[in-house]
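Here's the structure, in structure tokens; my notes come after.
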Amino acid sequence: MLTKRIIPCLDIKDGKTVKGVNFVGLRDAGYPVELAKLYAEQGADELVFLDITATVEKRKTLLELVSKVAAELNIPFTVGGGISSKEDVSALLAAGADKVSINSSAVKNPGLINELAQEFGSQCVVVAIDSRRVDGKHIVHTHGGRTPTELETLSWAREVVARGAGEILLTSMDQDGTKAGFDNELLAQLSAELPVPIIASGGAGIMAHFKDTFTTGKADAALAASIFHFKEIGIPELKHYLQKEGITVRPVS
Amino acid sequence: MKVAIVKYNAGNIRSVTYALQRLGIEPCISDELETLRSADKVIFPGVGEAGTAMAYLEERNLDQLIPTLRQPVLGVCLGLQLMCSHSEESNTPCLGIFDVEVKRFPPREKVPHMGWNRIEQVKGPLFDELSQEAYLYYVHSYYAELSPYTIAQTDYILPYSAALQKNNFFALQAHPEKSGKDGEKILENFLRLK
């Protein structure tokens with residue numbers, strides 16, 4: 001049986017891992033390659049590296065870091081942040097990334113999703129969607145959740161899948177940093193309707209939140225950053241808990 | 001030991017190279033017939049689309065070479081599918097090493113099959129000392145049917161060939177290069193084959 005995936009996210013700034021509350025006020029949480037290996041040993045199923053300042057500062061994700069991670073890591077990983085062209089993706093995949101995640105650039109140029117899916121295959125194209133409630137509606141935001149668009153989250157999710165996205169990383173900006181749980185209502189809507197895996201992100205605080213997002217939220221994978229970086233929840237204990245709760249996860253060896 | 005990786009337009013050559021390096025092997029990546037023929041082991045990787053990949057292999061006569069190799073050969077992911085007789089992906093005639101049809105998953109669950117799944121009913125030296133609870137990492141939308149060559153099964157939507165073997169030809173649908181310690185074990189076992 002296909003397992004539910006646990007995905008630590010390493011937010012990268014200047015080659016280091018950071019995580020902030022609502023993406024503001026960043027705190028240092030360690031070095032990416034060491035942290036990545038540690039997570040892999042602890043039973044993480046996949047990793048995501050997001051160069052969170054890349055879009056804002058027009059920086060490209062550090063290819064050098066990607067190569068180092070790829071050389072040392074024996075599980076799949078995704079790289080996102082500041083990717084706006086086929087050339088960017090080609091360079092990241094050549095450096096050893098398994099998938100790329102695009103966000104603002106997909107909103108700005110939706111045709112990029114088609115191009116990437118045709119060139120590299122849907123399996124390596126993750127579209128990240130940052131969603132925030134505005135007047136009771138779920139609205140897509142770009143640039144680290146700062147800029148509202150006119151797109152409604154569900155209709156944008158349908159469009160990115162139609163264009164070839166292989167996976168959706170849905171971050172609830174309302175929940176992100178709150179530790180109050182994932183936005184399971186929105187996740188369940190997306191997961192029920194879309195034929196691709198949905199990664200839940202934003203709001204993980206306690207182990208029960210993961211169980212809830214896999215059951216109520218129907219998510220295929222759950223992503224979190226600070227609770228793992230600051231050792232509030234260990235991946236082995238999380239997996240034991242989920243197994244006990246009847247959720248299929250890859251056991252920690 | 002000389003390990004060659006077949007160089008073609010496959011997306012995971014770099015990852016396979018890194019995985020071998022972690023096991024202390026420096027592979028050579030080549031599309032030259034002599035280099036491939038003289039290697040002790042050949043790995044035939046693969047991430048991509050069947051039709052495009054076969055066209056590339058045909059242009060370089062690799063479609064002729066690969067089925068005639070005598071040393072242990074390991075196909076990975078799309079590599080496994082290309083070693084079969086035919087793929088529904090772009091209705092592509094493949095290398096025909098395994099007389100097996102590659103089909104698209106019926107859309108009863110999410111496709112691609114992406115993530116970690118069990119490998120079961122394993123047979124043969126590729127799986128020596130593999131944990132009973134082994135999980136491997138999969139990403140694919142097409143699958144090889146069960147056949148007399150099946151040496152392991154995985155169940156997603158339906159049971160299918162997680163691994164195939166015929167004589168010196170081995171193939172694995174999952175990505176051993178991305179499957180943690182269980183994947184490393186399978187690669188080690190392959191490298192130990194005579």
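The values are calculated or read from the model by the stated rules, or taken from the named source; none is laboratory data. These numbers were taken from a predicted model, which means no experiment stands behind them. A quick note on method: Cβ atoms are made from the backbone with ideal geometry, for glycine too, and the neighbour counts reach across all protein chains shown. To get the accessible areas, we keep the full protein, side chains included, count just its heavy atoms, and leave off ligands, DNA and RNA. Shrake-Rupley method; radii C 1.70, N 1.55, O 1.52, S 1.80 Å.
If you go through the stretch A:127-178 and pick out every residue that is open to solvent by 10 Å² or more (accessible area, probe 1.4 Å), among the charged types (D, E, K, R) and under 16 Å from residue A:195 (Cα atoms), you end up with 3. Checked against the criteria, residue A:115 counts as open to solvent by 50 Å² or more (accessible area, probe 1.4 Å) and not in a strand (DSSP E or B). Listed by position, the helices (runs of 4 or more DSSP H) contained in the stretch B:1-71 that have at least 1 residues being among the β-branched types (Val, Ile, Thr) are B:13-22, B:33-38, B:50-59.
Each residue in the stretch A:207-253 was checked for being basic (Lys, Arg) and either within 14 Å of chain B (Cβ to nearest Cβ) or crowded, with 18+ Cβ neighbours inside 10 Å (or both), and 4 pass.
Comparison of A:239, A:231 shows that the only residue that is assigned to a helix (DSSP H, G or I), more than 19 Å from residue A:52 (Cβ to Cβ) and of a type in the set (Lys, Arg) is A:239.
Let's see how each residue does on (1) more than 11 Å from every other protein chain (Cβ to nearest Cβ); (2) touching a helix residue (DSSP H, G or I) at 6+ places or on another chain (Cβ under 7 Å); (3) modelled with pLDDT of 95 or more:
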| residue | (1), (2), (3) |
| --- | --- |
| B:132 | no, no, no |
| B:140 | no, no, no |
| B:148 | yes, no, yes |
| B:160 | yes, no, yes |
| B:167 | yes, no, yes |
| B:178 | no, yes, yes |
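Quick check, is residue A:204 under 24 Å from residue A:152 (Cα atoms) and crowded, with 21+ Cβ neighbours inside 10 Å? In short, yes. Can you tell me which residues in the stretch A:106-128 are under 16 Å from the mean Cα position of the chain (by Cα) and over 24 Å from residue B:138 (Cα atoms)? A:106, the sole residue that qualifies.
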